[in-house]
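I have placed the structure first, in the form of structure tokens, so that the comments after it can refer back to it.
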DNA sequence: GTCTATATCTTGATAGAC
DNA sequence: GTCTATCAAGATATAGAC
């Protein structure tokens, strides 16, 4: 019998599918309503089960939410690093940053609710959860940090630019898009193009780049 | 006896002060913990009263939270519009945008917890609250919209730039700063300078501007 | 105006049948 | 594995004293 290994349990195929349904439902509810008002009953209803069924897979509501947010973070990071890995080694760093911007936005708006659930709830996490998640966040942050440092070292950035501030402002612009994009009439490709454009021109040393 | 008029009640000075204490405590707790985990008891403790005292001023927890978020939104808008009003009429639109960026960031990080509480919880509001708040949000959005339109009409923006996407990306970059700035070692002035710089260069038609 | 005491309600979580 | 039924905890909200 094919099995899937998770944190603390060996699950059959059917079981794994049900867990995935619950997790996906949680991601959807967390995206729409936020951690504040996402009740276990809402998640269960969206998954088509009764609330107690969730406890077969998760020890607590918190554990479920943490799993969703982690999936979202990892999903974003995976998508971005894969996109970067496909690039030629000597791609200019500013081009790499644009690729990262596009991949991050596509992860948020194309991939699934997990990524959106993650960014929309990461600031609401209780402190212990935040602590457990820190390693993942830092690792993803370093991906961007490296891009910015490469850009600087290759002379593609404007002199005197504060790297950390610039990096977090760019990521912030992307992470805030779930707050408005779905309600806007802006096509995803336009959003991506505008974000790449603002980023590139905002950072570049060479005015014509 | 001097009085202050609020939504549905005439309050004495002392009463008004207590309400302000409760509101400020709520702003602080909402900023630190978020709507999800902000209990009424926490707010009361931070205000130095017992939980039931809150019901003398607010009919419900929701009403209190809504008041805090509204104060924060209005505070930001006021600060930004005042800063803009102080400018000379024929200030270049891109300079106006920079002034707005600075005022928005200072409102978030200097003014009080209200503004931070607002941006950090605006996405977690229940739907009815969101509906009631929409008018305020739209009005503030129009302030920015007008700036961007001025910039475009005066030929200061790059051709083909999607105004709506650009505007919301810029605001998003600012609104996301509460998620990281306090933990960073970036001085506020550096944050502001970087944000102005990225925005200006990102938007400008003239590379040397 | 604010407190103590308490009622009420919601919801996360468990027990146990199937 | 998932359900029905129920518990326990914690929060909002109210009553009434002061």
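Please find, among A:71, A:19, A:50, the residue that is within 16 Å of DNA strand D (Cβ to nearest atom) and surrounded by 17 or more Cβ atoms within 10 Å (Cβ to Cβ).
Result of the check over A:71, A:19, A:50: A:19.
Tell me, yes or no, whether segment B:113-127 has at least one residue that is closer than 27 Å to residue B:180 by Cα, away from every other protein chain (no Cβ under 13 Å) and surrounded by fewer than 23 Cβ atoms within 10 Å (Cβ to Cβ).
Looking through segment B:113-127, at least one residue is closer than 27 Å to residue B:180 by Cα, away from every other protein chain (no Cβ under 13 Å) and surrounded by fewer than 23 Cβ atoms within 10 Å (Cβ to Cβ).
Please go through segment B:65-93 and pick out each residue that is more than 14 Å from every other protein chain (Cβ to nearest Cβ) and within 16 Å of DNA strand C (Cβ to nearest atom).
B:67
Inspect all residues belonging to segment B:38-58 and state whether any of them is at pLDDT below 95 and within 17 Å of residue B:119 (Cα to Cα).
Yes.
Which condition breaks for residue A:201 when tested against (1) out of contact with any strand residue (DSSP E or B) (no Cβ under 9 Å at 6 or more places or on another chain); (2) facing chain B (nearest Cβ under 8 Å)?
All conditions pass for residue A:201, except number (1).
Of all the residues that make up segment B:167-198, how many are over 18 Å from residue A:199 (Cβ atoms), more than 7 Å from every other protein chain (Cβ to nearest Cβ) and surrounded by 13 or more Cβ atoms within 10 Å (Cβ to Cβ)?
Within segment B:167-198, residues that are over 18 Å from residue A:199 (Cβ atoms), more than 7 Å from every other protein chain (Cβ to nearest Cβ) and surrounded by 13 or more Cβ atoms within 10 Å (Cβ to Cβ) number 4.
Looking at the structure I just gave you, is residue A:35 within 30 Å of residue A:186 (Cβ to Cβ) and touching a helix residue (DSSP H, G or I) at 6+ places or on another chain (Cβ under 9 Å)?
Yes, satisfied.
Name the residues in segment A:149-166 that are surrounded by 21 or more Cβ atoms within 10 Å (Cβ to Cβ), more than 8 Å from every other protein chain (Cβ to nearest Cβ) and closer than 26 Å to residue B:120 by Cα, would you?
Selection gives nothing.
Could you tell me which of the residues B:33, B:39 is without any contact (Cβ under 8 Å) to a residue 40 or more places away in the chain and under 19 Å from residue B:175 (Cα atoms)?
B:33
Within segment B:30-45, how many residues are facing another protein chain (nearest Cβ under 10 Å) and either within 15 Å of DNA strand C (Cβ to nearest atom) or assigned to a loop (DSSP other than H, G, I, E, B) (or both)?
5
If residue A:110 meets every condition in (1) touching a helix residue (DSSP H, G or I) at 6+ places or on another chain (Cβ under 6 Å); (2) away from DNA strand C (no atom under 12 Å from the Cβ); (3) closer than 30 Å to residue A:148 by Cα apart from one, which number is that one?
For residue A:110, the failing item is (1).
Quick check, is residue A:144 closer than 19 Å to residue B:169 by Cα and more than 11 Å from chain B (Cβ to nearest Cβ)?
So residue A:144 fits the description; yes.
The values are calculated or read from the model by the stated rules, or taken from the named source; none is laboratory data. Quantities reported herein were computed from a predicted structural model and do not represent experimental measurements. Quick reminder, even Gly has a Cβ in these numbers, built from the backbone with ideal geometry, and neighbours come from all protein chains shown.
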